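Report on the following structure.
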Amino acid sequence: PGEDLLYEVSWFTVHLGQVRLRMSESSLVDGQVQHHAAAYIDSYDGLPFVDLHAVDHTRMDERFYSRGFTSLEKKDDRWVSEKSRYDLPRKLMIIARTRQRNKGSSPIGSPQCDTLKLPAADVEDGISILYFARSHVRRDIAGLRVPTIVYGKQGATVLTFHNRKDYQEIDALKDAKVRVVELEGK
């Protein structure tokens, strides 16, 4: 809790925007620990062809599998909201989508709902996959296939952990290097 990571997103020498990941306090839900994280994604103003603004939240169990997520993303002049609800015993996910004029306004019209049959009770969403990968990074595993749901679509992420340690300089720590562990994901 309290971890705050800020990533600068660039393409070659063009700075496109930032992604900020924040962990908040964990809670107990039905006697189980749930971790909470949010991602704030914003492109910089004035960029041609890029206008991305989104706020995503995830709830994860103690093994960092998704137990629900919400997202709010700007699409043209509207905001699209997605809220998920898992029915784990039946391996189902219900996703409700709404549109709204701005972040704080009421939904326009009724929600559109989709029901997805999950391949397994344990799946990842767009944020939880990052924390799941970090929790496995000290292992030497090739080709760990993880069921993933992003934008209401099912897929799989294949993670490879090399257990190769290196040291990198980062802007936040001048004259110091931090240990990093390489991993790949597709």
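The values are calculated or read from the model by the stated rules, or taken from the named source; none is laboratory data. All of these numbers come straight from a predicted model, not from anything done at the bench. Quick reminder, even Gly has a Cβ in these numbers, built from the backbone with ideal geometry, and neighbours come from all protein chains shown. Heads up: the accessible areas ignore ligands, DNA and RNA and are worked out on the full protein's heavy atoms, side chains in. Shrake-Rupley method; radii C 1.70, N 1.55, O 1.52, S 1.80 Å.
Take LYS103 and decide whether it is within 17 Å of ASP56 (Cβ to Cβ) and loosely packed, with under 14 Cβ neighbours inside 10 Å.
The answer is yes for LYS103.
Take the conditions in contact (Cβ under 8 Å) with a residue 60 or more places away in the chain and either touching a Leu at 6+ places or on another chain (Cβ under 9 Å) or part of a strand (DSSP E or B) (or both) and apply them to ALA54. Does it pass? No, not satisfied. Of the residues making up the stretch 1-35, those that are open to solvent by 70 Å² or more (accessible area, probe 1.4 Å), closer than 20 Å to SER66 by Cβ and either over 14 Å from the mean Cα position of the chain (by Cα) or of a type in the set (Val, Ile, Thr) (or both) number 5. Annotation note: of SER128, SER110, SER135, SER105, the sole residue that is in contact (Cβ under 8 Å) with a residue 60 or more places away in the chain, polar (S, T, N, Q) and closer than 21 Å to VAL80 by Cα is SER128.
Just wondering, is there one or more residues in the stretch 113-135 that are exposed (fewer than 12 other Cβ atoms within 10 Å of the Cβ) and at positive phi? Looking through the stretch 113-135, none of the residues is exposed (fewer than 12 other Cβ atoms within 10 Å of the Cβ) and at positive phi.
Residue-by-condition table, conditions (1) among the small types (Gly, Ala, Ser); (2) at pLDDT below 90; (3) assigned to a strand (DSSP E or B):
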| residue | (1), (2), (3) |
| --- | --- |
| TRP79 | no, no, yes |
| GLU82 | no, no, yes |
| PRO111 | no, no, yes |
| THR115 | no, no, yes |
| ALA121 | yes, yes, no |
| ASP140 | no, yes, no |
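Listed here are the residues, each with its yes/no results for (1) open to solvent by less than 30 Å² (accessible area, probe 1.4 Å); (2) closer than 20 Å to ASP125 by Cα.
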| site | (1), (2) |
| --- | --- |
| ASP61 | yes, yes |
| TYR65 | no, yes |
| SER71 | yes, yes |
| SER81 | yes, yes |
| SER84 | yes, yes |
| PRO107 | no, no |
| SER110 | no, no |
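Looking across ARG67, ARG63, ARG22, one residue alone is in contact with a Gly (Cβ under 9 Å, 6 or more places away or on another chain) and of a type outside the set (S, T, N, Q). It is ARG22. The test for being open to solvent by 80 Å² or more (accessible area, probe 1.4 Å) and in contact (Cβ under 8 Å) with a residue 40 or more places away in the chain does not hold for ARG179. Here is a check on your reading of the model: is ILE141 among the aliphatic types (A, V, I, L, M), surrounded by 12 or more Cβ atoms within 10 Å (Cβ to Cβ) and under 26 Å from SER43 (Cα atoms)? Considered against the rule, which asks whether it is among the aliphatic types (A, V, I, L, M), surrounded by 12 or more Cβ atoms within 10 Å (Cβ to Cβ) and under 26 Å from SER43 (Cα atoms), ILE141 comes out as no.
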